[in-house]
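Readers should treat all values here as calculations from the given coordinates under stated rules, not as data from a laboratory. Keep in mind the model is a prediction, meaning the values are calculated, not measured. When we count neighbours, we look across all protein chains shown, and the Cβ atoms used for this are built from the backbone with ideal geometry, even at glycine.
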Amino acid sequence: MLKAYFRVVVGAMVLLSVVLTAYVNPNWMWFTIFIGVNLIQSAFTKWCLLETILQKLGIKKEGASC
């Protein structure tokens with residue numbers, strides 16, 4: 001279940017940042033870059049802040065999601 005929530009949240013954040021970049025201000029692209037860097041970092045460290053937040057919200061972990 002955690003993997004599904006993780007993918008929905010990350011996908012929504014990427015889409016939101018692209019829309020904000022296109023319609024509000026090009027500086028929102030930094031948000032997209034932050035998301036990408038966080039995903040790369042989590043691949044090497046096996047730690048993801050979003051995963052920790054989702055677990056504290058009560059979502060059960062079924063495997064590594066990052």
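Worth pointing out:
- Any hit, the stretch 25-40, residues being farther than 28 Å from Glu62 by Cβ, part of a helix (DSSP H, G or I) and among the aliphatic types (A, V, I, L, M): yes
- Total residues in the stretch 1-13 satisfying the condition of being under 8 Å from the mean Cα position of the chain (by Cα) and of a type in the set (D, E, K, R): the figure is 1.
- Of all residue pairs spaced 6 or more apart or on separate chains, those with beta-carbon atoms under 6 Å, a first member in the stretch 5-27 that is free of Cβ contacts under 8 Å to residues at least 12 places away in the same chain and a second member that is in a helix (DSSP H, G or I) and not small (Gly, Ala, Ser) are Leu20/Trp28; Thr21/Trp28; Thr21/Met29.
- Exactly one residue among Leu20, Leu50, Leu16 is within 11 Å of the chain's Cα centre (by Cα) and assigned to a helix (DSSP H, G or I), and that residue is Leu50.
- Sole exception among (1) crowded, with 16+ Cβ neighbours inside 10 Å; (2) touching a helix residue (DSSP H, G or I) at 6+ places or on another chain (Cβ under 6 Å) for Val10, by number: (2)
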